[in-house]
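The values are calculated or read from the model by the stated rules, or taken from the named source; none is laboratory data. Predicted model, so just to flag it, every value in this text is computed and none were measured. A quick note on method: Cβ atoms are made from the backbone with ideal geometry, for glycine too, and the neighbour counts reach across all protein chains shown.
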């Protein structure tokens, strides 16, 4: 995909020069003790985690992330791309070390975001994610937030065979029924699974993430805060971005009517990402959420490192 084909608008200047030289490290420290705090973490995870529509599990990256930022001055695009890589490594997500890798995370700044998304929908509709019908596709293709992400996901089976969610997979599955009658399911595919009460062997993975950013609606925010917010969206599919989280989180930065603002990733955000990339991807949603909350509790109880490694 090229910047030209998506009609990106290159911004002539940025009003965030100080942020490009680095930001002070957040000093937040969190200690989690007691049942009430564990319940708060579970509530946080339950409100954060957005399961995939096809198999209802939490998706994460299995291929090395390769972010690309376009639409800003070179120093700003490099800053954001570098920050996404840093946060991915901190979270334990796979990172593609090849600087010439094919991008699977595209961060697109445009002063005409809906026009940009209309272009993507026309040329690359699969990039916008899974939908069941034309009404869902229409709703999915609307820009409603100043920073918004779309997730192209895939489903992997026990043998690592991947099918893109929502994409036709060929002739489908045929089988012979009673009396020799042939039956065809055109959108079905064969997957190798297991059968336990905790999981079935299927897992959801990110195949591509597209993030569209409208700088005209973000003039009051420094680039460091935007880079952290974008990094979280690039590594995790989230619910409730307009809901004010009760635990400190960078998503509160753009949440409506929220007085718990923060301009950097918090220990809760990093703890969630670490839990996400340690959980068992083939377990059912309830087990996955419990595992992420448990890992968050372990990380937050013992965490001594700062949540940011900006220099």
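When you go through 276, 254 one by one, which is the residue that is modelled with pLDDT of 90 or more, closer than 18 Å to residue 84 by Cβ and crowded, with 22+ Cβ neighbours inside 10 Å? Before you say what the answer is, go through the steps one by one.
Numbers: 254 fails: crowded, with 22+ Cβ neighbours inside 10 Å.
Just a single option satisfies the conditions, and that option is 276.
Somewhere in the range 194-203, is a residue over 23 Å from residue 159 (Cβ atoms), crowded, with 23+ Cβ neighbours inside 10 Å and modelled with pLDDT of 90 or more?
The initial filter retains those residues of the range 194-203 that are over 23 Å from residue 159 (Cβ atoms), namely none.
Looking through the range 194-203, none of the residues is over 23 Å from residue 159 (Cβ atoms), crowded, with 23+ Cβ neighbours inside 10 Å and modelled with pLDDT of 90 or more.
Give me the residue from the range 120-131 that is surrounded by fewer than 17 Cβ atoms within 10 Å (Cβ to Cβ) and touching a residue at least 40 places away in the same chain (Cβ under 8 Å) and, out of that set, farthest from residue 148 (Cα to Cα).
Ranking the candidates gives 123 first.
Grab the strands (runs of 3 or more DSSP E) fully contained in the range 54-158, keeping just those with 1 or more residues being over 29 Å from residue 256 (Cβ atoms) and either modelled with pLDDT under 95 or out of contact with any helix residue (DSSP H, G or I) (no Cβ under 9 Å at 6 or more places or on another chain) (or both).
On the way: elements: 67-70, 105-109, 147-156.
Here the list reads 147-156.
Mind checking which residues of the range 64-91 are surrounded by fewer than 17 Cβ atoms within 10 Å (Cβ to Cβ) and within 28 Å of residue 165 (Cα to Cα)?
If the condition is that a residue be surrounded by fewer than 17 Cβ atoms within 10 Å (Cβ to Cβ) and within 28 Å of residue 165 (Cα to Cα), then 64, 89 are the ones that fit.
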